[in-house]
Amino acid sequence: MNKITILWVDDEIDLLKPHILFLENKNYEVVPCLSGREALETLKEKRVDIVFLDENMPGISGLETLNEIKETHGSLPVVMITKSEEELIMEEAIGSKIADYLIKPVNPNQILLSLKKNLDHSRLVSEKTTANYQQEFRKIAMDLSMVDSHEEWAELYKKLIYWELRLEEIEDSGMFEILESQKTEANRQFGKFIDNHYQDWFQNKDAPIMSHTLFGKLIQPEITDRKTLLIVIDNLRYDQWMAFETTLNTYYRKQKETPYYSILPTATQYARNSIFSGLTPLEMEKNYPHWWKNDTDDGGKNLYEKEFFDAQLKRSKLDLKWEYHKISSLKQGKQLAQNFRSQKDNDLTVIVYNFVDMLSHSKTEMDVLKELAADDKAYRSLTLSWFKNSPLLEIIQQAQLLGLKLIVTTDHGTINVKQPSKVIGDRETSLNLRYKTGKSLTYEGKDVFEAKDPKKLYLPTINVSSSFIFAKNDLFFAYPNNYNHYVSYYRNTYQHGGVSLEEMIIPFVVLEPK
(Lines give C-alpha, C1' and ligand atoms only; values in the text may rest on other atoms or scores of the structure.)
Protein backbone atom coordinates (compact mmCIF):
# COMPACT_ATOMS: atom_id res chain seq x y z
CA MET A 1 0.00 0.00 0.00
CA ASN A 2 1.32 3.50 -0.87
CA LYS A 3 2.39 5.74 1.98
CA ILE A 4 0.19 8.72 2.80
CA THR A 5 2.02 11.88 1.74
CA ILE A 6 1.77 15.06 3.82
CA LEU A 7 2.83 18.47 2.48
CA TRP A 8 3.86 20.49 5.54
CA VAL A 9 4.23 24.23 4.88
CA ASP A 10 5.91 26.34 7.59
CA ASP A 11 8.64 28.99 7.42
CA GLU A 12 10.10 27.44 10.63
CA ILE A 13 10.01 23.90 9.34
CA ASP A 14 13.31 23.00 11.03
CA LEU A 15 11.66 23.39 14.44
CA LEU A 16 9.14 20.74 13.46
CA LYS A 17 11.74 18.00 12.92
CA PRO A 18 10.54 15.95 15.96
CA HIS A 19 6.96 15.99 14.61
CA ILE A 20 8.16 14.93 11.15
CA LEU A 21 10.23 12.05 12.59
CA PHE A 22 7.20 10.95 14.65
CA LEU A 23 5.03 10.82 11.53
CA GLU A 24 7.71 9.05 9.47
CA ASN A 25 7.93 6.40 12.19
CA LYS A 26 4.17 5.97 11.75
CA ASN A 27 4.82 5.27 8.03
CA TYR A 28 3.74 8.68 6.69
CA GLU A 29 5.81 10.53 4.08
CA VAL A 30 6.34 14.23 4.90
CA VAL A 31 7.31 16.77 2.23
CA PRO A 32 8.55 19.99 3.92
CA CYS A 33 8.11 23.46 2.39
CA LEU A 34 9.27 26.85 3.72
CA SER A 35 6.73 29.09 1.99
CA GLY A 36 3.35 29.24 0.33
CA ARG A 37 4.89 29.85 -3.07
CA GLU A 38 7.13 26.78 -2.71
CA ALA A 39 4.11 24.72 -1.66
CA LEU A 40 2.16 25.75 -4.76
CA GLU A 41 5.07 24.80 -7.00
CA THR A 42 5.43 21.44 -5.21
CA LEU A 43 1.73 20.69 -5.76
CA LYS A 44 2.22 21.11 -9.52
CA GLU A 45 4.79 18.32 -9.51
CA LYS A 46 3.84 15.95 -6.70
CA ARG A 47 0.67 14.20 -5.58
CA VAL A 48 -0.05 14.66 -1.87
CA ASP A 49 -2.89 13.45 0.33
CA ILE A 50 -3.13 16.32 2.81
CA VAL A 51 -1.57 19.74 3.52
CA PHE A 52 -0.55 21.14 6.91
CA LEU A 53 -0.39 24.91 6.37
CA ASP A 54 1.04 27.55 8.70
CA GLU A 55 -1.16 30.65 8.74
CA ASN A 56 1.54 33.26 9.46
CA MET A 57 4.38 33.15 6.89
CA PRO A 58 6.41 35.79 5.03
CA GLY A 59 5.52 36.28 1.38
CA ILE A 60 2.06 35.05 0.59
CA SER A 61 0.16 34.27 3.79
CA GLY A 62 -1.35 30.97 4.79
CA LEU A 63 -4.86 32.18 3.92
CA GLU A 64 -3.72 33.36 0.48
CA THR A 65 -1.97 30.03 -0.08
CA LEU A 66 -5.12 28.22 1.03
CA ASN A 67 -7.24 30.09 -1.51
CA GLU A 68 -4.83 29.24 -4.33
CA ILE A 69 -4.69 25.57 -3.31
CA LYS A 70 -8.49 25.37 -3.32
CA GLU A 71 -8.66 26.91 -6.79
CA THR A 72 -6.53 24.14 -8.30
CA HIS A 73 -7.01 21.25 -5.83
CA GLY A 74 -10.55 21.74 -4.52
CA SER A 75 -10.88 18.33 -2.86
CA LEU A 76 -7.42 18.30 -1.21
CA PRO A 77 -7.81 18.50 2.60
CA VAL A 78 -5.92 21.41 4.18
CA VAL A 79 -5.27 21.68 7.93
CA MET A 80 -4.56 25.27 9.05
CA ILE A 81 -2.01 25.64 11.87
CA THR A 82 -1.64 29.02 13.56
CA LYS A 83 -0.42 30.79 16.70
CA SER A 84 -3.34 33.17 16.48
CA GLU A 85 -6.65 32.53 18.20
CA GLU A 86 -8.31 35.50 16.50
CA GLU A 87 -11.90 34.67 15.59
CA LEU A 88 -11.66 36.49 12.26
CA ILE A 89 -8.78 34.30 11.06
CA MET A 90 -10.63 31.17 12.15
CA GLU A 91 -13.76 32.29 10.30
CA GLU A 92 -11.80 33.08 7.12
CA ALA A 93 -10.08 29.71 7.21
CA ILE A 94 -13.31 27.82 7.89
CA GLY A 95 -15.08 29.80 5.16
CA SER A 96 -12.38 28.63 2.76
CA LYS A 97 -13.34 25.04 3.58
CA ILE A 98 -10.38 23.88 5.62
CA ALA A 99 -10.42 20.31 6.86
CA ASP A 100 -9.20 21.16 10.38
CA TYR A 101 -7.83 24.04 12.49
CA LEU A 102 -5.01 23.57 15.01
CA ILE A 103 -3.50 26.13 17.43
CA LYS A 104 0.27 26.17 18.04
CA PRO A 105 2.04 24.65 19.79
CA VAL A 106 0.69 21.39 18.43
CA ASN A 107 1.77 18.03 19.81
CA PRO A 108 2.32 14.92 17.68
CA ASN A 109 -0.90 13.23 18.85
CA GLN A 110 -2.98 16.23 17.71
CA ILE A 111 -1.40 15.91 14.27
CA LEU A 112 -2.08 12.15 14.22
CA LEU A 113 -5.69 12.66 15.28
CA SER A 114 -6.21 15.20 12.49
CA LEU A 115 -4.76 12.76 9.96
CA LYS A 116 -7.02 9.95 11.17
CA LYS A 117 -10.05 12.21 11.12
CA ASN A 118 -9.44 13.44 7.58
CA LEU A 119 -7.85 10.48 5.81
CA ASP A 120 -9.05 7.42 7.70
CA HIS A 121 -12.48 8.81 8.53
CA SER A 122 -14.42 6.74 5.97
CA ARG A 123 -12.67 3.49 6.89
CA LEU A 124 -13.05 4.06 10.65
CA VAL A 125 -16.71 5.05 10.33
CA SER A 126 -17.35 2.04 8.09
CA GLU A 127 -15.74 -0.39 10.50
CA LYS A 128 -17.52 1.10 13.52
CA THR A 129 -20.91 1.24 11.76
CA THR A 130 -20.59 -2.36 10.60
CA ALA A 131 -19.62 -3.55 14.08
CA ASN A 132 -22.49 -1.62 15.69
CA TYR A 133 -25.04 -2.96 13.22
CA GLN A 134 -23.81 -6.52 13.73
CA GLN A 135 -24.58 -6.08 17.42
CA GLU A 136 -27.92 -4.41 16.70
CA PHE A 137 -28.85 -7.10 14.14
CA ARG A 138 -29.33 -9.67 16.89
CA LYS A 139 -31.46 -7.30 18.94
CA ILE A 140 -33.65 -6.41 15.93
CA ALA A 141 -34.07 -10.10 15.09
CA MET A 142 -35.17 -10.75 18.67
CA ASP A 143 -37.53 -7.75 18.64
CA LEU A 144 -39.10 -9.03 15.41
CA SER A 145 -40.12 -12.24 17.11
CA MET A 146 -41.70 -10.39 20.05
CA VAL A 147 -43.12 -7.06 18.83
CA ASP A 148 -46.89 -6.98 19.26
CA SER A 149 -48.13 -3.41 19.61
CA HIS A 150 -48.44 -0.46 17.25
CA GLU A 151 -45.97 1.54 19.40
CA GLU A 152 -43.35 -1.21 19.18
CA TRP A 153 -43.81 -1.51 15.42
CA ALA A 154 -43.33 2.24 14.95
CA GLU A 155 -40.13 2.17 17.04
CA LEU A 156 -38.80 -0.89 15.23
CA TYR A 157 -39.49 0.66 11.83
CA LYS A 158 -37.68 3.87 12.81
CA LYS A 159 -34.74 1.77 14.01
CA LEU A 160 -34.57 -0.03 10.65
CA ILE A 161 -34.60 3.32 8.82
CA TYR A 162 -31.83 4.63 11.09
CA TRP A 163 -29.60 1.70 10.17
CA GLU A 164 -30.55 1.94 6.51
CA LEU A 165 -29.38 5.55 6.42
CA ARG A 166 -26.19 4.69 8.34
CA LEU A 167 -25.27 1.67 6.23
CA GLU A 168 -25.86 3.39 2.90
CA GLU A 169 -23.03 5.80 3.78
CA ILE A 170 -20.44 3.01 3.94
CA GLU A 171 -19.25 0.65 1.25
CA ASP A 172 -20.37 -2.65 2.70
CA SER A 173 -22.96 -4.19 0.41
CA GLY A 174 -23.02 -7.35 2.53
CA MET A 175 -24.30 -5.52 5.60
CA PHE A 176 -26.83 -3.63 3.50
CA GLU A 177 -28.18 -6.87 2.06
CA ILE A 178 -28.60 -8.24 5.58
CA LEU A 179 -30.58 -5.13 6.54
CA GLU A 180 -32.74 -5.48 3.42
CA SER A 181 -33.57 -9.04 4.42
CA GLN A 182 -34.51 -7.79 7.91
CA LYS A 183 -36.81 -5.17 6.37
CA THR A 184 -38.45 -7.85 4.25
CA GLU A 185 -38.99 -10.06 7.30
CA ALA A 186 -40.27 -7.07 9.28
CA ASN A 187 -42.88 -6.35 6.60
CA ARG A 188 -43.91 -10.01 6.57
CA GLN A 189 -44.47 -9.94 10.33
CA PHE A 190 -46.12 -6.51 10.17
CA GLY A 191 -48.62 -7.86 7.62
CA LYS A 192 -49.63 -10.55 10.12
CA PHE A 193 -49.94 -7.91 12.83
CA ILE A 194 -52.30 -5.86 10.64
CA ASP A 195 -54.33 -9.02 9.86
CA ASN A 196 -54.86 -9.56 13.58
CA HIS A 197 -55.33 -6.01 14.87
CA TYR A 198 -56.32 -3.45 12.24
CA GLN A 199 -60.07 -4.03 12.39
CA ASP A 200 -60.06 -3.72 16.19
CA TRP A 201 -58.41 -0.29 16.09
CA PHE A 202 -61.68 1.36 15.10
CA GLN A 203 -63.27 0.25 18.39
CA ASN A 204 -60.21 0.18 20.66
CA LYS A 205 -59.05 2.93 23.02
CA ASP A 206 -55.49 1.65 22.63
CA ALA A 207 -55.54 2.19 18.86
CA PRO A 208 -52.76 4.25 17.30
CA ILE A 209 -53.37 7.75 16.03
CA MET A 210 -54.73 7.27 12.52
CA SER A 211 -55.63 9.50 9.59
CA HIS A 212 -59.14 10.30 10.83
CA THR A 213 -57.99 11.00 14.41
CA LEU A 214 -54.84 12.96 13.48
CA PHE A 215 -56.44 16.40 13.66
CA GLY A 216 -58.18 15.93 17.00
CA LYS A 217 -55.28 14.22 18.75
CA LEU A 218 -52.20 15.90 17.29
CA ILE A 219 -52.97 18.94 15.13
CA GLN A 220 -55.63 20.73 17.17
CA PRO A 221 -53.54 20.96 20.39
CA GLU A 222 -50.75 22.64 18.38
CA ILE A 223 -52.73 25.34 16.55
CA THR A 224 -54.54 27.07 19.38
CA ASP A 225 -51.59 28.85 21.02
CA ARG A 226 -49.84 30.57 18.06
CA LYS A 227 -49.91 31.15 14.31
CA THR A 228 -49.06 27.91 12.51
CA LEU A 229 -48.12 26.62 9.07
CA LEU A 230 -49.38 23.06 8.47
CA ILE A 231 -47.73 21.32 5.50
CA VAL A 232 -49.06 17.99 4.25
CA ILE A 233 -46.54 16.55 1.77
CA ASP A 234 -48.37 13.91 -0.21
CA ASN A 235 -46.80 10.43 -0.24
CA LEU A 236 -43.85 11.21 2.08
CA ARG A 237 -42.16 8.16 3.56
CA TYR A 238 -40.54 8.26 6.99
CA ASP A 239 -37.05 7.81 5.51
CA GLN A 240 -37.63 10.78 3.21
CA TRP A 241 -38.62 12.90 6.19
CA MET A 242 -35.38 11.89 7.94
CA ALA A 243 -33.45 12.94 4.83
CA PHE A 244 -35.26 16.34 4.78
CA GLU A 245 -34.72 16.98 8.47
CA THR A 246 -31.09 18.14 8.23
CA THR A 247 -32.02 20.81 5.68
CA LEU A 248 -34.88 22.06 7.86
CA ASN A 249 -32.60 22.29 10.91
CA THR A 250 -31.11 25.50 9.50
CA TYR A 251 -34.44 27.27 10.00
CA TYR A 252 -36.44 25.26 12.51
CA ARG A 253 -35.85 23.31 15.70
CA LYS A 254 -37.78 20.06 16.13
CA GLN A 255 -40.05 20.07 19.18
CA LYS A 256 -42.01 16.87 18.72
CA GLU A 257 -42.02 13.88 16.39
CA THR A 258 -44.84 11.35 16.51
CA PRO A 259 -45.26 8.38 14.17
CA TYR A 260 -48.87 7.78 13.22
CA TYR A 261 -50.71 5.24 11.02
CA SER A 262 -52.36 5.84 7.67
CA ILE A 263 -55.73 4.18 7.29
CA LEU A 264 -56.27 1.55 4.60
CA PRO A 265 -56.23 1.95 1.69
CA THR A 266 -53.00 3.95 2.01
CA ALA A 267 -54.14 6.09 -0.90
CA THR A 268 -54.70 9.82 -1.20
CA GLN A 269 -58.46 9.80 -1.68
CA TYR A 270 -58.93 7.78 1.51
CA ALA A 271 -56.13 8.86 3.82
CA ARG A 272 -55.89 12.56 3.02
CA ASN A 273 -59.64 13.11 2.92
CA SER A 274 -59.76 11.43 6.34
CA ILE A 275 -57.15 13.84 7.71
CA PHE A 276 -59.08 16.90 6.56
CA SER A 277 -62.53 15.62 7.46
CA GLY A 278 -61.63 13.90 10.74
CA LEU A 279 -63.86 11.06 9.55
CA THR A 280 -63.47 7.55 8.20
CA PRO A 281 -64.29 7.00 4.51
CA LEU A 282 -67.56 5.30 5.51
CA GLU A 283 -68.55 8.35 7.60
CA MET A 284 -67.59 10.73 4.78
CA GLU A 285 -69.77 8.83 2.32
CA LYS A 286 -72.68 8.85 4.75
CA ASN A 287 -72.44 12.46 5.97
CA TYR A 288 -71.08 14.20 2.87
CA PRO A 289 -72.16 12.16 -0.19
CA HIS A 290 -71.86 15.28 -2.38
CA TRP A 291 -68.12 15.54 -1.55
CA TRP A 292 -67.11 11.89 -1.32
CA LYS A 293 -66.33 9.80 -4.42
CA ASN A 294 -65.71 6.06 -4.57
CA ASP A 295 -62.99 4.49 -6.72
CA THR A 296 -65.20 3.92 -9.73
CA ASP A 297 -66.87 7.35 -9.65
CA ASP A 298 -65.84 9.84 -12.32
CA GLY A 299 -63.91 12.99 -11.43
CA GLY A 300 -61.23 14.00 -8.94
CA LYS A 301 -61.28 12.22 -5.60
CA ASN A 302 -59.71 15.01 -3.50
CA LEU A 303 -61.54 18.10 -4.69
CA TYR A 304 -63.20 18.95 -1.38
CA GLU A 305 -60.43 18.88 1.21
CA LYS A 306 -60.97 22.54 2.04
CA GLU A 307 -64.70 21.96 2.56
CA PHE A 308 -64.05 18.85 4.66
CA PHE A 309 -61.60 20.79 6.81
CA ASP A 310 -63.95 23.72 7.26
CA ALA A 311 -66.66 21.33 8.46
CA GLN A 312 -64.22 19.70 10.89
CA LEU A 313 -63.14 23.07 12.33
CA LYS A 314 -66.80 23.99 12.87
CA ARG A 315 -67.52 20.65 14.58
CA SER A 316 -64.50 21.28 16.81
CA LYS A 317 -65.82 24.80 17.58
CA LEU A 318 -62.53 26.36 16.49
CA ASP A 319 -62.84 29.97 15.40
CA LEU A 320 -59.67 30.46 13.35
CA LYS A 321 -58.61 32.72 10.51
CA TRP A 322 -57.22 30.19 8.06
CA GLU A 323 -56.38 29.54 4.42
CA TYR A 324 -55.88 26.38 2.39
CA HIS A 325 -53.52 25.99 -0.59
CA LYS A 326 -52.97 22.95 -2.80
CA ILE A 327 -49.70 23.02 -4.76
CA SER A 328 -49.54 20.72 -7.78
CA SER A 329 -47.07 22.57 -10.00
CA LEU A 330 -43.83 24.55 -9.85
CA LYS A 331 -45.68 27.69 -10.94
CA GLN A 332 -48.18 27.41 -8.06
CA GLY A 333 -45.36 26.81 -5.59
CA LYS A 334 -43.36 29.83 -6.75
CA GLN A 335 -46.45 32.02 -6.67
CA LEU A 336 -47.21 31.10 -3.07
CA ALA A 337 -43.55 31.53 -2.04
CA GLN A 338 -43.45 35.03 -3.55
CA ASN A 339 -46.67 36.07 -1.81
CA PHE A 340 -46.30 34.15 1.42
CA ARG A 341 -46.14 37.26 3.61
CA SER A 342 -49.85 37.69 2.86
CA GLN A 343 -50.43 34.71 5.18
CA LYS A 344 -48.92 36.48 8.22
CA ASP A 345 -52.27 37.36 9.79
CA ASN A 346 -53.70 33.84 9.54
CA ASP A 347 -54.00 31.71 12.67
CA LEU A 348 -53.48 28.69 10.44
CA THR A 349 -52.16 28.28 6.91
CA VAL A 350 -52.62 24.81 5.39
CA ILE A 351 -50.55 23.69 2.39
CA VAL A 352 -50.96 20.39 0.56
CA TYR A 353 -47.84 19.79 -1.53
CA ASN A 354 -48.16 17.14 -4.22
CA PHE A 355 -44.66 16.81 -5.69
CA VAL A 356 -43.52 13.53 -4.07
CA ASP A 357 -46.66 11.75 -5.23
CA MET A 358 -46.17 13.07 -8.76
CA LEU A 359 -42.56 11.88 -8.64
CA SER A 360 -43.52 8.33 -7.69
CA HIS A 361 -46.13 8.19 -10.47
CA SER A 362 -43.71 9.72 -12.99
CA LYS A 363 -41.16 7.03 -12.14
CA THR A 364 -43.66 4.48 -13.41
CA GLU A 365 -44.06 6.29 -16.72
CA MET A 366 -40.64 7.81 -17.48
CA ASP A 367 -37.54 5.74 -18.17
CA VAL A 368 -35.19 8.53 -17.02
CA LEU A 369 -36.84 8.57 -13.59
CA LYS A 370 -36.64 4.79 -13.39
CA GLU A 371 -32.88 5.28 -13.66
CA LEU A 372 -32.73 8.19 -11.21
CA ALA A 373 -34.89 6.48 -8.57
CA ALA A 374 -33.89 2.86 -9.09
CA ASP A 375 -33.98 1.99 -5.37
CA ASP A 376 -34.86 3.51 -1.99
CA LYS A 377 -31.47 5.24 -1.62
CA ALA A 378 -31.79 6.90 -5.02
CA TYR A 379 -35.46 7.76 -4.38
CA ARG A 380 -34.50 9.48 -1.10
CA SER A 381 -31.69 11.33 -2.83
CA LEU A 382 -33.97 12.53 -5.61
CA THR A 383 -36.65 13.80 -3.23
CA LEU A 384 -34.02 15.52 -1.06
CA SER A 385 -32.55 17.24 -4.13
CA TRP A 386 -36.04 18.42 -5.07
CA PHE A 387 -36.74 19.70 -1.56
CA LYS A 388 -33.49 21.69 -1.34
CA ASN A 389 -34.35 23.52 -4.57
CA SER A 390 -38.12 23.74 -4.22
CA PRO A 391 -40.54 26.59 -3.57
CA LEU A 392 -41.61 24.56 -0.52
CA LEU A 393 -38.27 25.28 1.18
CA GLU A 394 -38.64 28.97 0.25
CA ILE A 395 -42.08 28.94 1.88
CA ILE A 396 -40.62 27.37 5.04
CA GLN A 397 -37.89 30.04 5.11
CA GLN A 398 -40.58 32.73 4.85
CA ALA A 399 -42.54 31.05 7.65
CA GLN A 400 -39.47 31.11 9.88
CA LEU A 401 -39.01 34.85 9.29
CA LEU A 402 -42.67 35.38 10.25
CA GLY A 403 -42.14 33.35 13.44
CA LEU A 404 -44.72 30.69 12.53
CA LYS A 405 -44.86 27.32 14.21
CA LEU A 406 -44.37 24.60 11.58
CA ILE A 407 -46.11 21.24 11.35
CA VAL A 408 -44.93 18.76 8.70
CA THR A 409 -46.83 15.57 8.01
CA THR A 410 -48.14 13.39 5.20
CA ASP A 411 -51.10 11.21 4.28
CA HIS A 412 -49.32 7.91 3.48
CA GLY A 413 -46.03 6.47 2.28
CA THR A 414 -45.07 4.30 -0.67
CA ILE A 415 -43.21 1.07 -1.36
CA ASN A 416 -41.04 -0.23 -4.18
CA VAL A 417 -43.03 -3.15 -5.60
CA LYS A 418 -41.23 -6.18 -6.99
CA GLN A 419 -43.45 -9.28 -6.91
CA PRO A 420 -46.64 -9.60 -9.00
CA SER A 421 -49.76 -11.28 -7.65
CA LYS A 422 -52.54 -12.32 -10.05
CA VAL A 423 -56.02 -10.94 -9.47
CA ILE A 424 -59.27 -11.21 -11.42
CA GLY A 425 -62.22 -8.84 -11.09
CA ASP A 426 -65.10 -7.42 -13.08
CA ARG A 427 -65.11 -4.17 -15.06
CA GLU A 428 -66.02 -2.18 -11.97
CA THR A 429 -62.91 -3.26 -10.06
CA SER A 430 -60.64 -0.38 -8.99
CA LEU A 431 -57.37 0.19 -10.82
CA ASN A 432 -54.88 0.69 -7.96
CA LEU A 433 -51.97 -1.78 -7.94
CA ARG A 434 -51.74 -2.16 -4.14
CA TYR A 435 -55.43 -2.56 -3.35
CA LYS A 436 -58.55 -3.61 -5.22
CA THR A 437 -62.19 -3.09 -4.46
CA GLY A 438 -65.03 -4.68 -6.36
CA LYS A 439 -67.23 -7.76 -6.40
CA SER A 440 -66.20 -11.35 -7.16
CA LEU A 441 -62.50 -10.68 -6.66
CA THR A 442 -60.35 -13.76 -7.26
CA TYR A 443 -56.73 -13.63 -6.17
CA GLU A 444 -53.73 -15.65 -5.06
CA GLY A 445 -54.07 -16.06 -1.32
CA LYS A 446 -50.48 -15.29 -0.37
CA ASP A 447 -49.67 -12.00 1.32
CA VAL A 448 -53.08 -10.42 0.85
CA PHE A 449 -55.19 -8.78 3.57
CA GLU A 450 -58.85 -9.26 2.70
CA ALA A 451 -61.85 -7.27 3.94
CA LYS A 452 -64.94 -9.25 2.92
CA ASP A 453 -67.10 -6.83 4.91
CA PRO A 454 -65.54 -3.39 4.24
CA LYS A 455 -67.83 -1.71 6.79
CA LYS A 456 -65.84 -3.39 9.56
CA LEU A 457 -62.86 -1.34 8.33
CA TYR A 458 -65.11 1.72 8.01
CA LEU A 459 -64.87 1.63 4.22
CA PRO A 460 -67.74 2.28 1.80
CA THR A 461 -68.77 -0.35 -0.71
CA ILE A 462 -69.48 0.16 -4.40
CA ASN A 463 -72.25 -2.43 -4.23
CA VAL A 464 -73.61 -4.96 -1.73
CA SER A 465 -71.16 -7.75 -2.57
CA SER A 466 -68.02 -5.58 -2.89
CA SER A 467 -64.92 -6.42 -0.89
CA PHE A 468 -61.41 -4.95 -0.53
CA ILE A 469 -58.08 -6.70 -0.83
CA PHE A 470 -54.75 -5.13 0.11
CA ALA A 471 -51.32 -6.25 -1.11
CA LYS A 472 -48.72 -6.84 1.59
CA ASN A 473 -44.91 -6.84 1.49
CA ASP A 474 -43.67 -5.75 -1.98
CA LEU A 475 -46.50 -7.29 -4.01
CA PHE A 476 -48.50 -5.57 -6.72
CA PHE A 477 -51.70 -6.84 -8.27
CA ALA A 478 -51.63 -7.79 -11.96
CA TYR A 479 -54.39 -9.01 -14.25
CA PRO A 480 -53.82 -12.25 -16.23
CA ASN A 481 -54.50 -10.42 -19.51
CA ASN A 482 -51.25 -9.20 -21.03
CA TYR A 483 -49.62 -10.31 -17.77
CA ASN A 484 -45.94 -10.27 -18.78
CA HIS A 485 -46.06 -6.77 -20.25
CA TYR A 486 -47.96 -5.48 -17.22
CA VAL A 487 -45.49 -7.03 -14.78
CA SER A 488 -42.47 -5.71 -16.67
CA TYR A 489 -43.96 -2.20 -16.78
CA TYR A 490 -44.80 -1.91 -13.08
CA ARG A 491 -42.07 -3.94 -11.39
CA ASN A 492 -39.63 -1.75 -9.41
CA THR A 493 -41.99 1.23 -9.33
CA TYR A 494 -43.24 3.04 -6.22
CA GLN A 495 -46.88 2.31 -5.37
CA HIS A 496 -49.19 2.85 -2.42
CA GLY A 497 -52.55 1.65 -1.18
CA GLY A 498 -51.52 -1.54 0.57
CA VAL A 499 -50.08 -2.87 3.82
CA SER A 500 -46.42 -2.19 4.59
CA LEU A 501 -44.34 -0.35 7.14
CA GLU A 502 -43.34 2.14 4.44
CA GLU A 503 -46.94 2.97 3.51
CA MET A 504 -48.62 2.91 6.91
CA ILE A 505 -46.19 4.29 9.51
CA ILE A 506 -45.64 7.95 8.72
CA PRO A 507 -44.32 11.10 10.45
CA PHE A 508 -46.03 13.97 12.25
CA VAL A 509 -43.51 16.63 13.25
CA VAL A 510 -43.85 19.92 15.14
CA LEU A 511 -41.08 22.52 14.78
CA GLU A 512 -40.34 25.95 16.25
CA PRO A 513 -38.55 28.70 14.32
CA LYS A 514 -34.90 29.31 15.22
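The values are calculated or read from the model by the stated rules, or taken from the named source; none is laboratory data. Nothing here was measured: the structure is a model prediction, and the numbers come from that model. Methodologically, a virtual Cβ is constructed for each residue, glycine included, from the backbone with ideal geometry; neighbour enumeration extends over all protein chains shown.
Things worth noting here:
- Selection of segment 313-351 for residues being touching a Leu at 6+ places or on another chain (Cβ under 8 Å) and closer than 22 Å to Pro281 by Cβ yields Leu313, Val350.
- Applying the condition of being in a loop (DSSP other than H, G, I, E, B) and touching a Phe, Trp or Tyr at 6+ places or on another chain (Cβ under 7 Å) to segment 413-434 and asking which residue is modelled with the lowest pLDDT yields Leu433.
- Ile407 vs. criteria aliphatic (A, V, I, L, M) and part of a helix (DSSP H, G or I): no
- Pick from segment 454-472, criterion surrounded by 14 or more Cβ atoms within 10 Å (Cβ to Cβ), touching a helix residue (DSSP H, G or I) at 6+ places or on another chain (Cβ under 9 Å) and over 16 Å from Val423 (Cα atoms), ranking: modelled with the lowest pLDDT: Thr461
- Residue in segment 371-393 that is buried (at least 23 other Cβ atoms within 10 Å of the Cβ), at pLDDT 90 or above and assigned to a loop (DSSP other than H, G, I, E, B) present: no
- Within the set Leu218, Leu282, Leu214, the sole residue that is in contact with a Lys or Arg (Cβ under 7 Å, 6 or more places away or on another chain), hydrophobic (A, V, I, L, M, F, W, C), closer than 24 Å to Ser316 by Cα and touching a residue at least 24 places away in the same chain (Cβ under 8 Å) turns out to be Leu282.
- The set of residues in segment 287-317 being charged (D, E, K, R) and in contact (Cβ under 8 Å) with a residue 12 or more places away in the chain consists of Lys293, Asp295, Lys301, Glu305, Lys306, Glu307, Arg315.
- Every condition in (1) touching a residue at least 60 places away in the same chain (Cβ under 8 Å); (2) under 29 Å from Gly191 (Cα atoms); (3) not polar (S, T, N, Q) is met by Glu450 except one, and the failing one is (1).
- Scanning segment 391-428 for residues that are within 30 Å of Thr213 (Cβ to Cβ) and touching a Gly at 6+ places or on another chain (Cβ under 7 Å) yields one hit, Leu392.
- Selection of segment 401-412 for residues being buried (at least 19 other Cβ atoms within 10 Å of the Cβ) and either modelled with pLDDT under 95 or in contact with a Pro (Cβ under 9 Å, 6 or more places away or on another chain) (or both) yields Leu404, Lys405, Leu406, Val408, Thr409, Thr410, His412.
- The set of residues from segment 152-176 being under 22 Å from Gln240 (Cβ atoms) and of a type in the set (D, E, K, R) comprises Glu155, Lys158, Lys159, Glu164, Arg166, Glu168, Glu169.
- Of residues in segment 216-237 being surrounded by 21 or more Cβ atoms within 10 Å (Cβ to Cβ) and not aliphatic (A, V, I, L, M), the one nearest to the chain's Cα centre (by Cα): Arg237
- Breaking point among (1) surrounded by 15 or more Cβ atoms within 10 Å (Cβ to Cβ); (2) under 40 Å from the mean Cα position of the chain (by Cα), for Gly62: (2)
- Screening the candidates Ser149, Ser145 for the property of being exposed (fewer than 15 other Cβ atoms within 10 Å of the Cβ) and within 24 Å of Ser262 (Cβ to Cβ) yields one hit, Ser149.
- Whenever a residue of segment 143-172 is small (Gly, Ala, Ser), its partners that are at pLDDT 85 or above and surrounded by 16 or more Cβ atoms within 10 Å (Cβ to Cβ), lying with C-beta atoms within less than 6 angstrom and at least six residues away or across chains, give the pairs Ala154/Pro259; Ala154/Ile505.
- Residues (part of a helix (DSSP H, G or I) and at pLDDT 95 or above) located in segment 311-333: Ala311, Gln312, Leu313, Lys314, Arg315
- Within segment 269-291, being under 31 Å from the mean Cα position of the chain (by Cα) and either among the small types (Gly, Ala, Ser) or within 25 Å of Gly425 (Cα to Cα) (or both) holds for Gln269, Tyr270, Ala271, Ser274, Ser277, Gly278, Pro281.
- Scope segment 429-447; condition without any contact (Cβ under 8 Å) to a residue 60 or more places away in the chain and basic (Lys, Arg); matching residues: Lys436, Lys439, Lys446
- Here Thr266 meets the list (1) among the hydroxyl-bearing types (Ser, Thr, Tyr); (2) closer than 23 Å to Lys405 by Cα; (3) not in a helix (DSSP H, G or I) almost entirely, failing just condition (2).
- Per the listing Pro265, Pro259, the residue uniquely buried (at least 16 other Cβ atoms within 10 Å of the Cβ), closer than 28 Å to Leu167 by Cβ and touching a strand residue (DSSP E or B) at 6+ places or on another chain (Cβ under 6 Å) is Pro259.
- Any hit, segment 474-496, residues being within 17 Å of Phe190 (Cβ to Cβ), surrounded by fewer than 23 Cβ atoms within 10 Å (Cβ to Cβ), not assigned by TED's automatic domain parsing to the domain that holds Leu214 and not polar (S, T, N, Q): yes
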